[in-house]
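Only one structure is covered here, and it is reproduced in the block below.
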Amino acid sequence: MSNYKEIVTKAVIGKSKKTSTHEYLISPEQKPDTVLGCWVINHKFNGTNNGGLVLLNGSFDVNVWYSYDNDTKTAVSTKTFTYTDKMPVHLKDNSTLTNKEEIIVRSLKQPTVTNVSATDGIVKLNVEKELGVEIVGDTKIKVSIEEDEDEYEIITDDDLLSDKEEKEIEKVEEEYIK
């Protein structure tokens, strides 16, 4: 027959991921003729509780390498963009998100430029990213325990004597002690 005990522990109690694409504009110093390259670096982000939703705040830098002056010169333009996304996270056991839980945000897919074009001196680009959120909180697990425990083995001091000590004790003559 088994009994159960509940153990309270920290565990992932909710998970979600969100892929998003946003359009951004950059106005370089010179009017670009051709975009030669575009990349995203320095992605930073965090998540906070916002009334039961996870609010994702982040930023990244976009570098655009372009040619200008009839494709005879090149330059790089850099701009930092910030973003805010809301993500609902379904929690197990119909829990609600409070300030007690830990919010862990991971970048599952780093921000990447998916489309870029230059028109009338403006560089227009689309950036796609995927963020994952894990909520860590208290949860309970049940563990089966046995009621019938093994009995303790009884050990006396005599059991602790070594063979050598026992032989010495046997050599002692009882008549001598009296």
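The values are calculated or read from the model by the stated rules, or taken from the named source; none is laboratory data. Treat the numbers as computed from the prediction; the structure is a model and nothing was measured. Every residue, glycine as well, gets a Cβ built from its backbone with ideal geometry; the counts of neighbours run over all protein chains shown.
The table that follows gives values for the structure above.
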read-out: Top-ranked residue in the stretch 59-72 [being in contact with a strand residue (DSSP E or B) (Cβ under 7 Å, 6 or more places away or on another chain) and not hydroxyl-bearing (Ser, Thr, Tyr); ranked as surrounded by the fewest Cβ atoms within 10 Å (Cβ to Cβ)]; value: Asn70
read-out: Per-region count, the stretch 115-142, residues assigned to a strand (DSSP E or B), surrounded by fewer than 14 Cβ atoms within 10 Å (Cβ to Cβ) and either of a type in the set (D, E, K, R) or in contact with a Leu (Cβ under 7 Å, 6 or more places away or on another chain) (or both); value: 5
read-out: Top-ranked residue of the stretch 2-43 - restricted to ones that are touching a Gly at 6+ places or on another chain (Cβ under 6 Å) and part of a strand (DSSP E or B), ranked as nearest to Thr114 (Cα to Cα); value: Lys17
read-out: Neighbours by Cβ (under 9 Å, 6+ apart or cross-chain): first from the stretch 44-55, modelled with pLDDT of 90 or more; second acidic (Asp, Glu); value: Asn49/Glu101; Val54/Asp85; Leu55/Asp85
read-out: Residue match in the stretch 118-137 (condition: among the hydroxyl-bearing types (Ser, Thr, Tyr), at pLDDT 85 or above and closer than 30 Å to Lys10 by Cα); value: no
read-out: Test: residue in the stretch 73-92 that is touching a strand residue (DSSP E or B) at 6+ places or on another chain (Cβ under 7 Å), over 22 Å from Pro111 (Cα atoms), among the polar types (S, T, N, Q) and surrounded by fewer than 17 Cβ atoms within 10 Å (Cβ to Cβ); value: yes
read-out: Search result, residues across the stretch 93-114 that are part of a strand (DSSP E or B) and crowded, with 17+ Cβ neighbours inside 10 Å; value: Ile103, Val105, Pro111, Val113
read-out: Meets criteria (more than 27 Å from Thr98 (Cβ to Cβ) and under 22 Å from the mean Cα position of the chain (by Cα)) for Ile41; value: yes
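Every residue, every condition in (1) within 30 Å of Gly137 (Cα to Cα); (2) surrounded by fewer than 11 Cβ atoms within 10 Å (Cβ to Cβ); (3) at pLDDT below 95, yes or no:
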position	(1), (2), (3)
Lys5	yes, yes, yes
Val12	yes, no, yes
Ser16	yes, no, yes
His22	no, no, no
Leu36	no, no, no
